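Okay, handing you the structure first.
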Amino acid sequence: MHYQTNYQNFSSIFAVPRQVVEQHLKLCGALALKALLLILSEEGGMDSGALARRLSVEEGDIKDAVNYWVQAGILSSADEAAAQPEPPAPAQEAPAAPQEEAPQKVVRSGIQRPRFTAVQISEMAKADSAVSPLLEELQTVLGRPLSPVEMECAVSLYSYYGLSPDYILIAANYCACAGKSSMRYLEKTISGWLEEGVDTYEKAEARIRDLTRQNENEKLIKSAFGIRGRDLTAREKQLADKWLDEFHQDIPLIYAAFEKTVEATGRISFAYLDKILTSWHEKGFTTPQQAKSSPAPRRGAAVENSSIDLGRLEERANQIYEKK
């Protein structure tokens, strides 16, 4: 379907730079575009407070959105213009010192990304056909428009750190499914993966499978033991993975061990539980019925197997008592 302008409803108009449509429409966020239209519609512009009130958003979000157009050269800030320092006087030329060859930059796995302006992002999008689709897909995965700072982060992950769009998107989808839709969380997650050598799509896919399985294991154990209001500790998660993934024990068998643990100790003790389940695994028990007749480990076994003679200690204590 073809659309065209209906000039009959044009009582007044204002200009919009063609560059906005040709270079920035796919890259700018919705808030940035709304703010730009309001600023262009008012002769003399608008301040951030007035924009925030008109659009019912926080002033900090407005400043972040409008900064996209400032960096792109579409708008200018009166405050920044007034704060520009005088150019320094030309210094007397000194003899040129011999320059050493600059070392080749090595990109570290830690996320200390460079800064890209809106103009640079626009130029990169024109030069690399993968940039615009990446930003558009990220907005879909995260369920909201990206701010200029978030676009800068995404472009850095792709261009500076050499991560593929598929890598970034699968990581973003994992974070979104976990209820974390901020680019800050995505950046932190990817940073941790890179530190551990997870630097390709295939490795990221495998890591997500492992994390998903571990999360499911934790949910199963917490539900079986009635644990609420806290996550499992690192050691408890390790034991849960051991029972479910290494021993391939089912929840009914694990719950039977849980009941024996509570009867013997009066509380949830993962260490005691592990002794029971390890013993049952070594005996080949796979059902609660098989394990029912198996005695629970004795408490204080470490003391009973020690080299201390408890009988002699008791005899000595009695002798001391009789002398009093």
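The values are calculated or read from the model by the stated rules, or taken from the named source; none is laboratory data. All values derive from a computational prediction rather than experimental measurement. Ideal geometry is used to build each Cβ from the backbone, glycine not excepted, and the neighbour counts take in all protein chains shown. We work out accessible area using only protein heavy atoms, side chains counted, and drop any ligands, DNA or RNA first. Shrake-Rupley method; radii C 1.70, N 1.55, O 1.52, S 1.80 Å.
Describe numerically, in nm with one decimal, the distance between label points set 7 Å from Cα along Cα→Cβ at residue 268 and at residue 188.
Reported label-point gap for residue 268 and residue 188 is 2.5 nm.
Shifting gears a bit: For segment 133-140, take each phi angle, set θ = phi - 60°, evaluate the Karplus expression 6.51 cos²θ - 1.76 cosθ + 1.60, and give the result in whole Hz per residue in order, putting x for glycine and proline.
Ordered by residue, 3J(HN,Hα) equals x, 4, 5, 5, 5, 4, 4, 5 Hz.
If R₀ is 45 angstrom, what is the calculated FRET efficiency for the pair residue 117 and residue 224, using the beta carbon separation as r and rounding to 0.05?
0.25
I'd like the Karplus ³J(HN,Hα) series for segment 172-181: coefficients 6.51, -1.76, 1.60, θ = phi - 60°, whole numbers in Hz, and an x wherever there's a Gly or Pro.
3J(HN,Hα) across segment 172-181, in whole Hz: 5, 5, 4, 5, 5, 5, 8, x, 10, 10.
Which links in 34/203; 180/219; 203/275; 237/292 stretch past 30 Å when you go from one Cα to the other?
Where the Cα-Cα span goes over 30 Å, the pairs concerned are 34/203; 203/275.
When the chain is fully extended, how far beyond the present Cα-Cα distance does residue 245 get from residue 199, taking 0.36 nm per residue of separation?
Between residue 245 and residue 199, full extension yields an extra 14.0 nm.
Pulled fully out, how much extra length does the chain show between residue 18 and residue 59, if you take 0.36 nm times their separation in residues and subtract their Cα-Cα distance?
That pair, residue 18 and residue 59, stretches by 12.0 nm at full extension.
Send over a whole-number figure in Å² for the accessible area per residue of segment 210-282, probe 1.4 Å.
Heavy-atom SASA per residue in segment 210-282 reads 55 Å².
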